[in-house]
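The values are calculated or read from the model by the stated rules, or taken from the named source; none is laboratory data. The model shown is predicted, which means the values in this text are computed figures rather than measured ones. With ideal geometry, Cβ positions are generated from the backbone for all residues, glycine too; neighbour counts draw on all protein chains shown.
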């Protein structure tokens, strides 16, 4: 069944130029209508309650400067509390795998990089809207894959196996 109405989107980022770019991009798509935008956390939370959005796009750094480093993505948890059934896509500027996983744990259904092409962000949004969780853009996937490869390159068993052999050999000689 095709939708007759547009998907209501809420966009937020602490940089107004990013908010404007997201608004422009979503508004040029026939399928979407931006119903609210914000550049600060409090503004986003109040607008989200009134806007009845069907999709929230939020910059991962929104409100992070006002939080302790341990709670860098607290805005995502607040959004989950405020709108628990609304799909949430987070935009992240860095490619730190720990940050990506923290965003997923904090409630992001999808994650895209600010360096992604907008068509990749669009694909993440489409998949999240279809009910898929844990969606990541190709750039984010590449970051996680690089981390996985690095972790495989360091195999402590190889190093410690040699140490155990040396200890066993030493004990046998005594």
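What's the total number of residues in the range 89-108 that are surrounded by fewer than 18 Cβ atoms within 10 Å (Cβ to Cβ), touching a helix residue (DSSP H, G or I) at 6+ places or on another chain (Cβ under 7 Å) and part of a helix (DSSP H, G or I)?
Residues in the range 89-108 being surrounded by fewer than 18 Cβ atoms within 10 Å (Cβ to Cβ), touching a helix residue (DSSP H, G or I) at 6+ places or on another chain (Cβ under 7 Å) and part of a helix (DSSP H, G or I): 1 in total.
Somewhere in the range 44-56, is a residue touching a residue at least 24 places away in the same chain (Cβ under 8 Å), outside any strand (DSSP E or B) and closer than 22 Å to residue 140 by Cα? Working first, answer last.
Applying the first criterion (touching a residue at least 24 places away in the same chain (Cβ under 8 Å)) to the range 44-56 yields 44-45, 47-49, 51-56.
Cutting the leftovers down to outside any strand (DSSP E or B) gives us 44-45, 47-49, 51-54.
Narrowing further to those that are closer than 22 Å to residue 140 by Cα: none.
No, the range 44-56 has no match at all.
For the range 111-125, which residues satisfy the criterion of being farther than 20 Å from residue 52 by Cβ and either touching a helix residue (DSSP H, G or I) at 6+ places or on another chain (Cβ under 7 Å) or touching a residue at least 12 places away in the same chain (Cβ under 8 Å) (or both)?
Once the filter is applied, which keeps residues that are farther than 20 Å from residue 52 by Cβ and either touching a helix residue (DSSP H, G or I) at 6+ places or on another chain (Cβ under 7 Å) or touching a residue at least 12 places away in the same chain (Cβ under 8 Å) (or both), the range 111-125 yields 111, 112, 113, 114, 115, 116, 118, 120, 121, 122, 123, 124.
Taking only the range 16-43 into account, find how many residues are more than 17 Å from the chain's Cα centre (by Cα) and farther than 19 Å from residue 135 by Cβ.
So the count comes out to 19.
Results for (1) out of contact with any strand residue (DSSP E or B) (no Cβ under 7 Å at 6 or more places or on another chain); (2) at pLDDT below 90; (3) exposed (fewer than 14 other Cβ atoms within 10 Å of the Cβ), shown as yes or no for each residue.
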site: 120; (1), (2), (3): no, no, no
site: 125; (1), (2), (3): no, no, no
site: 130; (1), (2), (3): yes, no, yes
site: 143; (1), (2), (3): yes, yes, no
site: 151; (1), (2), (3): yes, yes, yes
site: 159; (1), (2), (3): yes, yes, yes
site: 164; (1), (2), (3): yes, yes, yes
site: 169; (1), (2), (3): yes, yes, yes
